[in-house]
Structures are given as C-alpha cells and as structure tokens.
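In what follows, a single structure is set out as structure tokens and then discussed.
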C-alpha cells in the first residue's frame, strides 16, 4: 500500500473551500486558492502530527448515501417521539459497543456520523479497551443497534482509513 | 409571477420564529446549565436559517455572508460554553 | 429580482424543501419543550441541525442558481460547516452532563 501515490487531503479541501467561498472558477482565484492551501497546510503540519490518508473513496460514496438514508429515517422516528404519536416517554438509555476501528480519523468520522444522526449521541470512548458508549433516545432492542453501527458504519470506515 | 415561493418563504419564517420561541423558553426556564447551552445552540442555528430565509425572500446574496458568520461564531461560542462546563476553564494551560 | 421572479422549475422544489425544512426545525425545537429530561432533550435539536438546515440550504442553492442564471453552490460551505460542527457541541454537552451528574 506504500507505493500507491496518495493525495494529501487537507490542501485539496482548503483549495476547494477557497473557491467555494469566493464563488468563482477564474484562473486568479484558483492560483490564489492553491497558494493559500499550501501555506496553511505547511503551517498546520506542525500542529497536527497525524495526516489523514483515506483510501478506496468509492466506499465513501456508499457510506454517505447510507448515512443520508439513516438520517432521514431517524428524523421521522425522533419526530414521532416528540409529537407523541406513541403516547409514552421514550425509553432512553446507554449502550456499550466494543469496536474494532482504531484509526483516530476513522473514530472522528464515526463520532460525527453517530452524533449527526438524530436519536443517537456519542457519549464516550475508552481508548484502552476500545469500547464506545452511546446514548440512544429510543432503545428498544440492543442487538439491532449494535448490528447497524458495526455493519453499516464501522466496516466502511475501516476499509477507508485502515 | 408565481406566488408559491413567497408563500413558502413566509411559512418557513413563521416556523423558524416559533422554533426560536421554543428555544428561548427553554433558555429562560432550563433547570440545568447544559439545558441553557443546548437551547442557545438551537437558537443560533435557527437564527442562521432565518437569515438565509430573508436572503431567499429578498433575492440578495449578501445574506449568505451573514449566515456564514453566524454559523462560525455560534459554533465557537457554544463550544466554549460547553467546554467550560466540562472542565471549568475554556483554554487549558 | 425577488422571490416572485424565480422561474417555476426552481420555485416548486424550493418551496417544497422550505416547507419540509421549516416543519423539521419547528418539531425539533418543540422537542426541547416537550421532552422531560436533559438526556432526551439533547436528541431533539439535531433534527433541525441536520436535515432541516440541509433542506433550507438546498432550497437557497436552487433559488440563487435560478436568479444568477449560473450554478451557485457556495451554500455547500455552510452545509459542510454545520454538518461537521453541530455534533461537536452536542458531544461536549453530553460529556459535560454525564460529568456533572456523577458529581
């Protein structure tokens, strides 16, 4: 895996952000954006010793689509709980899930995905035993939640980042 | 020409005003400090969406920059408050 | 050039998205009032923060594209920013609540 040429992510993202922010694709802005991105990533390298090397980006497309579908579905679920169509207070609770993912960038992405989905919030992660604590709004069966997290989020993230 | 988009803009503005009112009541009533910070977080996102809505309604591009600034500073503010609750100080030595 | 001048192909989906986004946001903020404990309340504003904001920003992108007669996508910047930063605050608040309930 070492031999494949890898694209550093931070300068590319920064240049795209610059172009989006100025809302133009003219040559001057592209040049300025590239210079700005290289300068900032050279400055930040000292602060962040861990550069991210994502691979297999086609897996990421499937992951993003999956996350979008889950966000829509859990929005409907949380909305039904709030509007009280079930006429009961939800059974809230914590859930502990042992993880296999170890890469810090993968864990950060997992945290953002889990917390960005309504109904689940990342409540802690023990670095020594690699156990994730989740807080779930509507905790009915734990097996389904564990299977969802491990199969549809953790496995693609491991393929991308490890 | 068509009245459907102004109607939708007004409807969404009313929705956001109601949402901001809910968050404001929680901000004033909230029993614990974390309730108030959560309400403040909701309040700034709703305010940003309201500004974007005005931008659509008036057809002016300048509102985009205001919304971006509100998003930036709202995030910094509520994160600093949450960090203060977590540790007792914002910037650690 | 105001909202009434937008052609119908952009106005119709934009209006639909705006109504959806408004309803999602108001339901999410209503959850702040109706749910009875902090651990339940922390889940409610995520609705308005993710899908509600996404709907409104997509509608804004459509309208400004139709008004400027060229693709305008710089609302993507706010969408990305909100998607990345809103969970950070929620996570910090969750950990603060756990810490404060233990003391």
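Just one of the listed residues (A:67, A:61, A:81) is under 18 Å from residue C:42 (Cβ atoms) and in the same structural domain as residue A:151 (by TED's automatic domain parsing), and it is A:81. When residue C:80 is tested against the conditions (1) farther than 15 Å from residue B:45 by Cα; (2) without any contact (Cβ under 8 Å) to a residue 60 or more places away in the chain; (3) surrounded by fewer than 24 Cβ atoms within 10 Å (Cβ to Cβ), the lone failure is (1). If you go through the stretch A:98-124 and keep only what is in contact with a strand residue (DSSP E or B) (Cβ under 7 Å, 6 or more places away or on another chain) and surrounded by fewer than 17 Cβ atoms within 10 Å (Cβ to Cβ), you end up with A:98, A:124. Considering only residues of the stretch B:8-42 that are more than 7 Å from chain C (Cβ to nearest Cβ) and within 16 Å of residue C:56 (Cβ to Cβ), which is surrounded by the fewest Cβ atoms within 10 Å (Cβ to Cβ)? The residue in question is B:14. Against the list (1) touching a helix residue (DSSP H, G or I) at 6+ places or on another chain (Cβ under 6 Å); (2) at pLDDT below 85, the condition residue C:100 fails is (1).
In the stretch B:55-65, how many are more than 7 Å from chain C (Cβ to nearest Cβ) and closer than 19 Å to residue C:54 by Cβ? Adding up the residues that qualify gives 1. Of the listed requirements (1) within 11 Å of the chain's Cα centre (by Cα); (2) modelled with pLDDT of 85 or more, residue C:47 misses just one: (2). Might you let me know whether the stretch B:46-66 holds any residue that is more than 20 Å from residue C:75 (Cα to Cα), in contact (Cβ under 8 Å) with a residue 24 or more places away in the chain and under 14 Å from the mean Cα position of the chain (by Cα)? No, the conditions are met nowhere in the stretch B:46-66.
Quick check on residue C:85: is it at the interface with chain B (Cβ under 7 Å from one of its Cβ atoms), free of Cβ contacts under 8 Å to residues at least 12 places away in the same chain and either surrounded by fewer than 19 Cβ atoms within 10 Å (Cβ to Cβ) or touching a helix residue (DSSP H, G or I) at 6+ places or on another chain (Cβ under 8 Å) (or both)? Considered against the rule, which asks whether it is at the interface with chain B (Cβ under 7 Å from one of its Cβ atoms), free of Cβ contacts under 8 Å to residues at least 12 places away in the same chain and either surrounded by fewer than 19 Cβ atoms within 10 Å (Cβ to Cβ) or touching a helix residue (DSSP H, G or I) at 6+ places or on another chain (Cβ under 8 Å) (or both), residue C:85 comes out as yes.
Looking at the structure I just gave you, is residue B:23 over 22 Å from residue C:91 (Cα atoms) and either outside any helix (DSSP H, G or I) or touching a helix residue (DSSP H, G or I) at 6+ places or on another chain (Cβ under 8 Å) (or both)?
no
Would you check if there is a residue in the stretch A:38-56 being in a helix (DSSP H, G or I) and under 27 Å from residue C:47 (Cα atoms)? No, every residue in the stretch A:38-56 fails to be in a helix (DSSP H, G or I) and under 27 Å from residue C:47 (Cα atoms). State yes or no: is residue A:95 touching a helix residue (DSSP H, G or I) at 6+ places or on another chain (Cβ under 9 Å), surrounded by fewer than 18 Cβ atoms within 10 Å (Cβ to Cβ) and assigned to a strand (DSSP E or B)? Judged against the criteria, residue A:95 is a match. When the residues of the stretch C:10-54 are filtered to those that are assigned to a loop (DSSP other than H, G, I, E, B) and surrounded by 19 or more Cβ atoms within 10 Å (Cβ to Cβ), the one that is nearest to the other protein chains (Cβ to nearest Cβ) is C:43. Scanning the stretch A:128-161 for residues that are closer than 27 Å to residue C:37 by Cβ and not in a helix (DSSP H, G or I) yields A:131, A:132, A:133, A:134, A:135, A:136, A:137, A:138, A:139, A:140, A:141.
The values are calculated or read from the model by the stated rules, or taken from the named source; none is laboratory data. All of these numbers come straight from a predicted model, not from anything done at the bench. Neighbour counts run over all protein chains shown; Cβ positions are idealised from the backbone, glycine included.
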